[in-house]
Structure formats: structure tokens, C-alpha cells
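Peer 1: My questions will all concern the structure given below.
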Amino acid sequence: MKLIGIADTTFARYDMGASAADELKRTGTGFRIIRSTVPGIKDLPVACKKLIEEQKCDIVMALGMPGPKEKDRMCAHEASQGLIKAQLMTNTHIIEVFVHEDEADDDRTLAFLADRRSREHARNAYDMIFHPDRLAENAGRGLREGFGDAKPL
């Protein structure tokens, strides 16, 4: 049985972890979800590393919602750098799923984006473990998580 980790934050204004877990359950079987919720986005790298090393997760999703200010962008960048380091230290994929509050003009659209991006990346995480061939089939297609896809060249 494979283990899929979900690390999310209390700072997010939407329960992205619940959306990801729900989508994983709809997508397939053969895995168990282990969830870790931390206060803020800069806490995600350690949470993910612990899910991999202590809980033995095969892949982890890191979900967060940085605020709209420049300081929030800086914190998101620092968290992203930490997630990359955690991946390299553990040789395990961590799917970064960030939704910046300024990606949408209103709360309804922001909630839609957070839900959709979480779900689409949950399917990516599942495919990375169980069906990597699906990802290869979609290479170069301009697929985006959240809003609409870009067109391939």
C-alpha cells in the first residue's frame, strides 16, 4: 500500500487539504492518506520532510495560500525553496500547490481556484505513483492546474 502525504496550513483561507484528499479518494485505490496541518506556509517544508521520513510517504502534496502582499510573496518563495531542498534531501517528490490570494479578484473565484488546483494536483500526485505513463502522454500540452490550460505550440 502506498502512502500519500498532504501537508496544509491554517493560514489558508480554503481547506485545500480536504479538496485534495477528496479527489484522491475519487481517483483510485491502493493508497492511504496521511495529513499534517501546520500554521503557516514556511512550516510546510519540515512537515513534508517529516511525512516522508517519519511516516514513510511515497509522495507529498504541500498546499498553501500566501496572502496578497509582497511579504507574502517572499514567504512563499522561501517556502518553495525549502520544499525543493526537502525533495532533494529525501529523493521524494513534493507537489507544491500554492494559490496566491491575488490570483483572483473575489472570494468566490479564489475558492474555485483553490479547490480546482488542489484537485488537479491530487490527480497528478496519484498518477506520479500509479500511472506515470499518463503524465508522459500529456507532455508539452500546456496543461495548467487551476484556471484554463494554455495551448501547445
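The values are calculated or read from the model by the stated rules, or taken from the named source; none is laboratory data. None of the values given here were measured: they were computed from a predicted structure. No Cβ is skipped: glycine too gets one built from the backbone with ideal geometry, and neighbour counts run over all protein chains shown. Keep in mind that these areas ignore ligands, DNA and RNA; they rest on the heavy atoms of the full protein, side chains included. Shrake-Rupley method; radii C 1.70, N 1.55, O 1.52, S 1.80 Å.
Peer 1: Only residues that are touching a residue at least 24 places away in the same chain (Cβ under 8 Å) and within 20 Å of D72 (Cα to Cα): list them for region 93-106, please. First the steps, then the outcome.
Peer 2: Going residue by residue through region 93-106, those that are touching a residue at least 24 places away in the same chain (Cβ under 8 Å) are 93-103.
Correct list: I95, E96, V97, F98, V99, H100, E101, D102, E103.
Peer 1: Checking the condition open to solvent by 70 Å² or more (accessible area, probe 1.4 Å), charged (D, E, K, R) and closer than 21 Å to K2 by Cβ, which residue from D133, D149 passes?
Peer 2: The unique qualifying residue is D133.
Peer 1: I need every pair where a residue in region 35-46 that is free of Cβ contacts under 8 Å to residues at least 40 places away in the same chain and crowded, with 19+ Cβ neighbours inside 10 Å has its Cβ under 9 Å from the Cβ of a residue that is among the β-branched types (V, I, T) and in a helix (DSSP H, G or I), sequence separation at least 6 or different chains.
Peer 2: Matching pairs, first to second residue: V38/V46.
Peer 1: Separate question: Of these, H77, H121, H93, which one is open to solvent by 80 Å² or more (accessible area, probe 1.4 Å) and under 14 Å from the mean Cα position of the chain (by Cα)?
Peer 2: Answer to the check: H93.
Peer 1: Something else: Condition first: among the charged types (D, E, K, R) and crowded, with 22+ Cβ neighbours inside 10 Å. Now tell me which residues in region 96-118 satisfy that.
Peer 2: Result: R117, single match.
Peer 1: Additional query: Looking at the structure I just gave you, is I84 in contact with a helix residue (DSSP H, G or I) (Cβ under 6 Å, 6 or more places away or on another chain) and part of a helix (DSSP H, G or I)? Before the answer, list the steps.
Peer 2: Details: in contact with a helix residue (DSSP H, G or I) (Cβ under 6 Å, 6 or more places away or on another chain): no; part of a helix (DSSP H, G or I): yes.
Against the criterion (in contact with a helix residue (DSSP H, G or I) (Cβ under 6 Å, 6 or more places away or on another chain) and part of a helix (DSSP H, G or I)), I84 does not qualify.
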